[in-house]
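Input: a single structure, listed below in structure tokens.
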Amino acid sequence: MMRPSLNDLAAFAAVASHQSFRRAADVMGVSRSALSHAIIGLEAKLDVRLFNRTTRSVSLTQAGARLLARLDPVLQDLDQALDTLSEERGTPSGTLRINANKSGARILLEEVVPRFMDLYPDVELDLVSEGRLVDIVEQGFDAGIRLLETVPKDMVAVKFGGDVRFIAVAAPSYLESRARPDTPDDLFTHCCIRQRLPSGKRYRWEFSKRGAEVAIDAPGNLTLDDNDLLVQAAADGRGIAYVPEYFARPFLASGQLATVLDDWCPPTPGLALYYPRSRHVPSPLRAFIDLLREVDRAR
């Protein structure tokens, strides 16, 4: 039996972890065909089938599951050993992959990423911004960014950026000919610009005042799936939008937008960086967290 290379074994572990050649190839930065050939070559060297493959799924054989059970801790120990060498050099190196929502990515790019890149030029930062919530472990990310209240309980969360406030906004020209809403129920007499979530569901606007909580499916004939587009449509007089204050702030400052229902829009716990509790924290992620906390303390 030919002894497989470390790259072969790492490729096997990636496919086994993601149960997908496409996702594993994306994480490893190789083509799907190259990864498939690597696995075929590994199976030939070991003279055993490691995966059951169909057109829709990939799963481990019994032999593959046994190999992964022995191999996974070895690869983790290797990662930790290499990380220790990086620490001894005094400068983190390698790749740091973070999955973030759009507002989180913006805050990081404005306040943290430039300093991080200057301090740690040997780290390749891969910041993926998308609206949908993903399993960061399954998708091969070191950390994720999302609202604190939605972070899974088995993750370590590092809050940053202060509280978040969702606000209802409209153009002054829209409000001139209409009565301002005093309660969320008044929105049913208005044109609202609705939001479609990445899951396909329509976002229900959530309001709170002195312990009373209201969630409504806002009425309207325009639905968008991006906060920047929602803000722009509201500024263009298309109706009332409900967005994180961060996105509306420049339009509020210029007078293109005004808020309504202010007393129904209290701040809520903001964003958090999160990562698996049970895994070794690589030095690039530790350095990023330290800088994130430093920047947040100085806010």
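The values are calculated or read from the model by the stated rules, or taken from the named source; none is laboratory data. Computed from a predicted structure; not experimentally measured. Cβ: placed from backbone, ideal geometry, glycine included. Neighbour counts: every protein chain shown. SASA here: full protein model, heavy atoms, side chains in, ligands and nucleic acids out. Shrake-Rupley method; radii C 1.70, N 1.55, O 1.52, S 1.80 Å.
Structure data summary
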{"read-out": "Cα Rg, Dmax (largest Cα-Cα span) when computed across region 165-232, Å", "value": "12.4, 35"}
{"read-out": "Pairwise Lys count, the chain - Cα closer than 30 Å, eight or more residues apart or different chains", "value": "9"}
{"read-out": "Within the chain: Cβ-based charge dipole about Cα centre, in debye rounded to nearest 20 (Lys, Arg +1; Asp, Glu -1)", "value": "820 debye"}
{"read-out": "Computed FRET value (nearest 0.05) for residue 91 with residue 117, which takes r as the C-beta separation and R₀ as 22 Å", "value": "0.95"}
{"read-out": "Portion, in percent, of the accessible area of the chain that falls on carbon or sulfur, probe 1.4 Å", "value": "49 percent"}
{"read-out": "Size of region 103-242 as Cα extents on the principal axes (Å, biggest first)", "value": "57, 31, 29"}
{"read-out": "Region 180-299: equivalent-ellipsoid semi-axes (sqrt of 5 x gyration tensor eigenvalues, Cα, Å)", "value": "33, 17, 16"}
{"read-out": "Cα-derived Rg over Rh, computed across the chain with Rh taken as Kirkwood radius", "value": "1.08"}
{"read-out": "For the chain: accessible area per residue (Å², 1.4 Å)", "value": "55 Å²"}
{"read-out": "Förster radius 51 Å - calculated FRET efficiency between residue 223 and residue 45, Cβ distance, rounded to 0.05", "value": "0.45"}
{"read-out": "GNM top mover of 211, 255, 64 - the chain, alpha-carbon springs below 10 Å", "value": "211"}
{"read-out": "Ellipticity estimate at 222 nm from DSSP helix runs (n ≥ 4, -39,500 (n - 2.57)) divided over the chain, nearest 500", "value": "-12500 deg cm²/dmol"}
{"read-out": "Dimensionless Rg over Rh [region 104-185; C-alpha; Kirkwood]", "value": "1.13"}
{"read-out": "Gain in span if fully extended, residue 52 to residue 74, counting 0.36 nm per residue against the direct Cα distance", "value": "5.6 nm"}
{"read-out": "By average C-beta atoms within 10 angstrom, highest first, the peptides 224-237, 197-210", "value": "224-237, 197-210"}
{"read-out": "Cα lying deepest toward the dipole's positive end in the chain, options 63, 250, 93, charges on Cβ", "value": "63"}
{"read-out": "Distance between modelled label sites at residue 297 and residue 34, nm, 7 Å Cα→Cβ extension", "value": "4.2 nm"}
{"read-out": "Residues residue 189 and residue 138, FRET efficiency given R0 of 45 Å [Cβ-Cβ distance, rounded to 0.05]", "value": "0.50"}
